[in-house]
Amino acid sequence: MTGLARTSRDRETDIPPAAAASITGTIDRTGGTAIYAQLRDILRAFAERECEPGQSIPSERELSEHFGLARMTVRQAVDALVNEQVLERIVGLGTFVAHRKMDLQVKLTSYSEEMQRRGMVPAAHVLSFEQINASALLARELHINEGQPVVRFRRQLLADGEPMSVDENFIPAWRVPGILDDPPPTSLYNVLSERFGLVMEWGEDMIEATAASPSIARLLNVEMGAPLLRISRHAYVSRAMVDYSVSYYRADRYKLWVPLQRPGVRSPRAYSAHRRTG
């Protein structure tokens, strides 16, 4: 990715690799548990307790020599952890401790609140906060006339200093008079609610897979063409559309969680709230 920021994988390879000698645990060859399963459990405990996400684990050869096992047995244990998403293989680089993917349940809640709930430090880098004229696309999405003034608010959202998503919101300017006179809000939805009385009541999201363009790849520190989740949202106050947004999420850091319920059947459990925006 010449000329672009270093990717998260580039930075992860700067983390010193784990040494086979530091992995504790013994293999019981007389027990009833399969040897590969014992090694799998030892490696899982090591990855979760001793390693950082993105840290490389010892090679199959090193693990084979350390535990006195056949390479095929070691590969079976590592394959099992890759399938569990505890580890991930990167062709040409090795095997790494996987980042835990955050579940992304689509709700009209605050990104900052969600990251704090997860014990992470949220931050946002404002890319633009300006008034533009609605293009044909924006006019169609916001149900306004082409050329009508629109407030554009674009941000790079981070957690613990790591880019997580790029969000872009579009609001008809007549709904938020004077909003550009103040600094960019830290929480857009809070400002819309408290200052302008626009409390988002419901919305519609379109979720699709996409590939990172050069500009988005640079902002998310991923390779150009890397898989992303693209979420476009129409948010409403009563029956009036107030906000149209497009967000790009790193697919290596998020998984989509969608609760399902049969119409007319009461849910036996309360779903916990996840997600972002604002």
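The values are calculated or read from the model by the stated rules, or taken from the named source; none is laboratory data. Quantities reported herein were computed from a predicted structural model and do not represent experimental measurements. Cβ: placed from backbone, ideal geometry, glycine included. Neighbour counts: every protein chain shown.
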Handout entry: The listed residue being among the aliphatic types (A, V, I, L, M) and in contact with an Asp or Glu (Cβ under 9 Å, 6 or more places away or on another chain), out of Ile179, Ile171
Key = Ile171
Exercise for the section: May I ask you to verify whether Val237 is among the aliphatic types (A, V, I, L, M) and closer than 18 Å to Ser128 by Cβ? Expected result: no
Exercise for the section: Would you point out the residue of the range 34-83, among those that are in a helix (DSSP H, G or I) and of a type in the set (Asp, Glu), that is nearest to the chain's Cα centre (by Cα)? Expected result: Glu48
Completion exercise
Heads up, the strands (runs of 3 or more DSSP E) in the range 159-250 (entirely inside) with at least 2 residues that are at pLDDT 90 or above and in contact with a Leu (Cβ under 6 Å, 6 or more places away or on another chain) are 162-172, 240-250
Practice task
Out of the residues in the range 220-249 that are charged (D, E, K, R) and surrounded by fewer than 23 Cβ atoms within 10 Å (Cβ to Cβ), state the one that is nearest to the chain's Cα centre (by Cα).
Solution key: Arg230
Completion exercise
Note on Pro16: of the conditions (1) loosely packed, with under 15 Cβ neighbours inside 10 Å; (2) modelled with pLDDT of 80 or more; (3) within 23 Å of Arg61 (Cβ to Cβ), unmet is (2)
Practice task
Restrict the check to the range 28-46 and report whether at least one residue is within 15 Å of Phe96 (Cβ to Cβ) and touching a Gly at 6+ places or on another chain (Cβ under 6 Å).
Solution key: no
Exercise for the section: Among what's in the range 43-85 and is touching a residue at least 24 places away in the same chain (Cβ under 8 Å) and β-branched (Val, Ile, Thr), pick the residue that is farthest from Ser22 (Cα to Cα). Expected result: Thr73
Practice task
Given the conditions (1) touching a residue at least 24 places away in the same chain (Cβ under 8 Å); (2) surrounded by fewer than 18 Cβ atoms within 10 Å (Cβ to Cβ); (3) aromatic (Phe, Trp, Tyr), report the number of the one that Phe170 does not fulfil.
Solution key: (2)
